[in-house]
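Undergrad: Quick one: structure below, then a few questions.
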Amino acid sequence: MVAKTAPLLLLLIGGAGAWCPVPSAMLQSMRRPAFSVNSPACLAPRVQRPHRGTAISMAKQVPRNVKESIDQLRDAIQAALSGRKSRMDIEFPYASGFGVEGEKKKSDAKIPLVTKEDGNVSDRELARLVTEMFRGTALEETTVVAFADGTQAGKAKKKWDADFKGQIIVLDAKQKKTKSTGGGGFGAAPKEAPSAASAVPEGTEVLLIVGPQAKQLKAIEKLACEVGLGCVIILVNARLDELEYETSDQEAYFKEEFERVFFIKTAPLPTWSGGGLLRLFPD
């Protein structure tokens, strides 16, 4: 179980580097010099406030390509860490291509179809790029990436190979109880339910939760409470505006507790003809 008192290591990620479309070179371009600063073990609670958006058509910060969007993502995460934010949410448009796992084969169709696997690949690629931001820092080996299912986790392990020094796990949504052993008669001490953080390796300082499903939200909320604010949790393409919540309190928790650090969405409303929303922390 992750220690609640683990100090939050604030990471400052360096400036932009050259872009190369080759996957390995792109990963190399994400590696920036970084340094840490001291911070208290317990962070002050965040001020609850609604998400904000910026009209893309008017914004000066609009990324023109993948490189610029990743640069802005890195800067936003850096700013959030410097601002002692330990609960973050980042979201790119569905099935965004980053080229980490290779370019998608071109289709002869006039309107190429976007498949579920395209979305899965995009989620893995974005998570991989975020992990590269911690390359060469004290957080490199204490970063854990949790996927919503075993298939995604298995593909990530195969694709990332030994280049990723952190750990890849599967997020347990069911939190199954262990079978009782020994005497369970009258007067026996009640068995405690397994911890939601039991699957998270001890010493985890950065936890990426990739593409979580609605049925896993309860486990995530419990996990976030148990690991404490000393562990940075980043939701990757959770799409909080599209999930079905069990209660209004659960929805409020995720939308208020997790800082929307980077959010870009095209045509966010059916009535919009073009345009979109952009949010970059701390704006």
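What follows draws every value from the coordinates through simple rules; no lab data is involved. Keep in mind it's a predicted model, so treat the numbers as computed, not measured. Here Cβ is always computed from backbone atoms with ideal geometry, including for glycine, and neighbour counts include all displayed protein chains.
Undergrad: Net charge near Ala156: determine it from the other residues with C-beta under 14 Å of the C-beta of Ala156, scoring Lys and Arg +1 and Asp and Glu -1.
TA: -1
Undergrad: Another question, then. Cα centroids of segment 202-255 and segment 114-154: how far apart, whole angstrom?
TA: Cα centres, segment 202-255 to segment 114-154: 16 Å.
Undergrad: I want to make sure I understand the PRE zone here: with the label point 7 angstrom from the Cα of Gln213 toward its beta carbon, which residues in segment 145-164 have backbone N atoms less than 12 Å away?
TA: Hits in segment 145-164 for Gln213 at 12 Å: 148-152.
Undergrad: Using modelled amide H (1.01 Å from N, peptide plane; none on Pro or chain starts), what sits under 5 Å from the amide H of Val145, excluding residues fewer than 5 places away?
TA: Gln167, Ile168, Ile169, Leu208
Undergrad: A follow-up question, please. Enumerate by residue number the chymotrypsin sites (Phe, Trp or Tyr not before Pro) in segment 212-283 meeting two conditions: DSSP loop (anything except H, G, I, E, B), and at most 16 other Cβ atoms within 10 Å of the site's Cβ.
TA: Tyr245, Trp272
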